[in-house]
Amino acid sequence: MCEVIVVASGKGGTGKTTVCAGLAVALAKNNQKVLIMDCDSGMRGVDMVLGVSDKLVYDISDIVSGGCDYDDAVYRVVNDLQLYCVAAPLYADDEVSPSLIREFVEKARKDYDYILIDSPAGTGSGFVSAAAAADRALVVINTEPISIRGCKNIKARLDEMKIDDQRLVINRFDKDRFYQMGLYEDLDAVIDEAGIRLIGLIPEDIRVIALSQRGALTSNWSKTGIIFDTIAHRLDGTDVPIIVK
């Protein structure tokens, strides 16, 4: 049965797209068939992170407008993984409506084990479209008050949309910096304020950023990849501990 998961954040700069792509790779490496949909119209980045920009001819707006067939805009990322992606429109004016996102996802469900949807940051119309067909949500934050405020806004919108299965991903965590800043007593205080159950803690890792910018997440798996693997197993329902670095 296909799981549709929207990956969201209340503000830009949390590393949401890298988390979404890294998780998609981890699931595919775990023998799942995965589609990652970029719904961040005008700011698309999934194609760059996964290294498929040179292949792109069509995006999701071409599918829903009838400009191309469904299969024409679904691109296989690498030959040795069952990992596919659909690009967001290049321009924000081409944002796809919630009803059309639902229509696309309902057609795609039969073909995949997981559909991951990279949402625009914030709670605007792009987020509403991205979350329209989701069964579950991952909310990506950094351990900063502004990021957590954004998380609470996202949670409120998810609650309104009746997406009750929500999990928190803390990204770019640096333990020394966290305690030096002194903004929170500990990680439990961050999680309590966010109001969402934690599923993964991803450390700050320059290698992940470098691999993402090179479009090489699939061909070079950093040590942080084990964290994505852990999140993937937890999404599958496997009881594995959260790794804290």
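The values are calculated or read from the model by the stated rules, or taken from the named source; none is laboratory data. Since we're looking at a predicted model, the values are computed, not measured. Methodologically, a virtual Cβ is constructed for each residue, glycine included, from the backbone with ideal geometry; neighbour enumeration extends over all protein chains shown.
Results, tabulated for the structure shown:
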item	result
Filter pass, Gly45 being in contact with a helix residue (DSSP H, G or I) (Cβ under 6 Å, 6 or more places away or on another chain), farther than 17 Å from Val128 by Cα and among the small types (Gly, Ala, Ser)	yes
Verdict on Gly215 being in contact (Cβ under 8 Å) with a residue 24 or more places away in the chain, at positive phi and not in a helix (DSSP H, G or I)	yes
Which numbered condition Lys152 fails, given (1) touching a helix residue (DSSP H, G or I) at 6+ places or on another chain (Cβ under 8 Å); (2) buried (at least 18 other Cβ atoms within 10 Å of the Cβ)	(2)
Cross-chain or 6+ apart pairs with Cβ under 8 Å, the range 45-65 first and over 19 Å from Lys16 (Cβ atoms) and touching a residue at least 12 places away in the same chain (Cβ under 8 Å), then among the aromatic types (Phe, Trp, Tyr) and in a helix (DSSP H, G or I)	Ile63/Tyr70; Ile63/Phe104; Val64/Phe104
Among residues of the range 188-212, those that are in a helix (DSSP H, G or I) and in contact with a helix residue (DSSP H, G or I) (Cβ under 8 Å, 6 or more places away or on another chain), counted	6
Val105 vs. criteria of a type in the set (Val, Ile, Thr) and closer than 30 Å to Lys152 by Cβ	yes
Candidate set: the range 189-227, residues that are within 20 Å of Leu116 (Cβ to Cβ) and modelled with pLDDT of 90 or more; chosen: the one surrounded by the fewest Cβ atoms within 10 Å (Cβ to Cβ)	Arg197
Filtered residues of the range 168-184 (kept if in contact (Cβ under 8 Å) with a residue 40 or more places away in the chain and farther than 13 Å from Ser147 by Cβ)	Lys175
Selection status of Met161, more than 16 Å from Leu23 (Cα to Cα), surrounded by fewer than 22 Cβ atoms within 10 Å (Cβ to Cβ), aliphatic (A, V, I, L, M) and in contact with a helix residue (DSSP H, G or I) (Cβ under 9 Å, 6 or more places away or on another chain)	yes
Checklist (1) assigned to a strand (DSSP E or B); (2) at pLDDT 95 or above; (3) within 20 Å of Gly13 (Cα to Cα) applied to Gln166, failing item	(3)
Residue count for the range 95-150, restricted to those that are of a type in the set (Ser, Thr, Tyr), in contact (Cβ under 8 Å) with a residue 60 or more places away in the chain and not in a loop (DSSP other than H, G, I, E, B)	3
Any hit, the range 153-162, residues being on the phi > 0 side of the Ramachandran plot and either more than 17 Å from the chain's Cα centre (by Cα) or among the β-branched types (Val, Ile, Thr) (or both)	yes
